[in-house]
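As structure tokens, the structure follows; a few thoughts come after it.
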Amino acid sequence: MQLEIEIKFSLNGRMVQTKVPPTMTTLVMLRENFDLTGGKLACGEGECGACTVKIDDRTINSCLMFAVDCDGREVQTIEGLGGVAGLEIMQQAFVDHGAIQCGYCMPGMIMQARYVVDQNTDKSHQLSRDDIARGLEGNVCRCSGYTKVVDAVAAVILDEASA
Ligand code: FES
Ligand code: FES
């Protein structure tokens, strides 16, 4: 019988418990144990960002993190970004600006975009398009939709600055 380890953590704001083999990745656990299939497996090597989720206060490539290391942490996935009320502002901006093509990279891209904007706590420094592009450089889009992605993130920055 395969060894499984019990872990408990906050998942999209709710405490959950599950059993995972020691070598299972966070990405596989989220997809298989919780049906949270937003994060995608693409490179599996930490190079493309398709699997990006937020753990505690930073984003990570969930294909590279063992699921057991989620124990006691706060995990947020793309499914936890919006809510029953609808899409979160970053998700809506991607839709409104036509930034989504095949969509495969988008859950990771949007998680990273939200993180980049949230990190900019000094609102007196408005992130430039170059800042946004730098913040998203670990997220690869094979459909090459970067211009519209940056448009969407820049629009969110403007909206949130005027709110
Ligand atoms: S699938 Fe995780 S970084 Fe590419
Ligand atoms: S929208 Fe297709 S890979 Fe990014």
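The values are calculated or read from the model by the stated rules, or taken from the named source; none is laboratory data. Being a predicted model, the structure only gives us computed values, none of them experimental. Cβ: placed from backbone, ideal geometry, glycine included. Neighbour counts: every protein chain shown.
Quick rundown of the values:
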{"quantity": "First in region 151-162 and under 13 Å from Asp96 (Cβ atoms) and assigned to a helix (DSSP H, G or I), second anywhere and at pLDDT 95 or above and among the acidic types (Asp, Glu), Cβ under 8 Å, 6 or more apart", "calculated": "Ala152/Asp96; Ala155/Asp96"}
{"quantity": "Any hit, region 20-36, residues being under 20 Å from Ala133 (Cβ atoms), touching a strand residue (DSSP E or B) at 6+ places or on another chain (Cβ under 6 Å) and more than 16 Å from ligand 2 (Cβ to nearest atom)", "calculated": "no"}
{"quantity": "Of residues in region 64-103 being surrounded by 18 or more Cβ atoms within 10 Å (Cβ to Cβ) and within 16 Å of ligand 2 (Cβ to nearest atom), the one farthest from Phe9 (Cα to Cα)", "calculated": "His97"}
{"quantity": "The listed residue being in contact with a helix residue (DSSP H, G or I) (Cβ under 6 Å, 6 or more places away or on another chain) and among the aromatic types (Phe, Trp, Tyr), out of Phe34, Phe94", "calculated": "Phe94"}
{"quantity": "Filter pass, Cys51 being under 22 Å from Lys148 (Cα atoms), in contact with a helix residue (DSSP H, G or I) (Cβ under 8 Å, 6 or more places away or on another chain) and not assigned by TED's automatic domain parsing to the domain that holds Asp151", "calculated": "yes"}
